[in-house]
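Single-structure report; data block below.
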Amino acid sequence: MDANIVLEKIEGMVEPHIAIWDDAFRILITGILSTRTKDEVTDRASLRLFCRFPTPEKLSKGSPSVVEELIKPVGFYKHKSHDVIETSKIIVMKYGGKVPDKMEELLELPGVGRKVANIVLSEGVGKYGLAVDTHVQRISRRLGLSTSDKPEETEEILKRKIAKERWNEVNSYFVEFGKQICKPINPLCDRCSLRNVCKYWRDHENSR
Ligand code: SF4
C-alpha cells in the first residue's frame, strides 16, 4: 500500500503524540535526555531541569553534579548531563543562543543523532524532518514499508515514499499508534485498519 495512505489510515486510528515543549532549545535538550528512557521519565526530568536552568545561557553554566541530580533517573544520566551542558555551551558560543536549523550543525552537538536532529527540525525550527525512533522503525518493518533494521536507512526509505509536506507528521502519529495499537509485544491487530495490508499480520496469521 502507498505509504501516504498508510499514514492517512494511522491518522484515522489515533491522535498525534503531543510533545511537552514547543521551543527549539527545550525540544533539543529533551531529545538528548530521551534516549533509552520512557517518555514519562524524560518529561519529568526535563521539567525539573528547565525549572532550574530555563535557557541555554543558564544551562551552559550548570554544574554537572547538579544537572545529574535533576535529570535522574533517565538512562545514562551522567553522560547526558555532560551532553546537555556542552550542547548549551556550543549553542551560546557558536550560535548566539539560538538552536541551529541545519541537520549537519545539529549532528555536531554532543548527544545528538539523526532522530533528535529530525525532531528539532520538524517540531522546533519549522523545517522538514522525519524522525525514526523505535516505534517508527518497528511499524515500518511490520507493514513492509522498510526492510532495513537500520533507522537511518528506514528514514531514507520513508522519505522517498512519503510526500515531503507530510514528513513532519510521521513521528507523532506513528509513536501514538505504536503505543496504543501496534505495540511492541502483542499488537492489537484486531483493532487495526491496516491488517489487510500488513506483512506482520500475514506472517503471523497461522500462529493465531
Ligand atoms: S495489523 Fe497489527 S502488526 Fe500490522 S500494523 Fe496493525 S497493529 Fe501493527
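The values are calculated or read from the model by the stated rules, or taken from the named source; none is laboratory data. Here the structure is a predicted model, which is why all the values come from computation and not from measurement. Counting neighbours? That spans all protein chains shown, and the Cβs are built from the backbone with ideal geometry, glycine included.
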Within 28 Å of Asp22 (Cα to Cα) and either part of a helix (DSSP H, G or I) or away from the ligand (no atom under 13 Å from the Cβ) (or both) - does that describe any residue in the range 193-202? no
Under 6 Å between Cβ atoms, at least 6 apart or on separate chains: pull out the pairs that start in the range 179-208 with a residue that is within 16 Å of Met1 (Cβ to Cβ) and end on any residue that is among the charged types (D, E, K, R) and near the ligand (Cβ under 8 Å from one of its atoms). Cys189/Arg195; Tyr200/Arg142; Trp201/Arg195
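Could you go through the range 113-124 and let me know if any residue there is within 30 Å of Asp23 (Cα to Cα), in contact with a helix residue (DSSP H, G or I) (Cβ under 9 Å, 6 or more places away or on another chain) and not in a helix (DSSP H, G or I).
yes
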Filter the range 6-47 for residues that are part of a helix (DSSP H, G or I), free of Cβ contacts under 8 Å to residues at least 24 places away in the same chain and assigned by TED's automatic domain parsing to the domain that holds Leu109 and give the result. Thr30, Asp39, Glu40, Asp43, Arg44
Residue match in the range 118-126 (condition: surrounded by 15 or more Cβ atoms within 10 Å (Cβ to Cβ), free of Cβ contacts under 8 Å to residues at least 40 places away in the same chain and either touching a Lys or Arg at 6+ places or on another chain (Cβ under 7 Å) or not assigned by TED's automatic domain parsing to the domain that holds Leu33 (or both)): yes
Gly75 vs. criteria assigned to a loop (DSSP other than H, G, I, E, B) and either of a type outside the set (Gly, Ala, Ser) or in the same structural domain as Thr30 (by TED's automatic domain parsing) (or both): yes
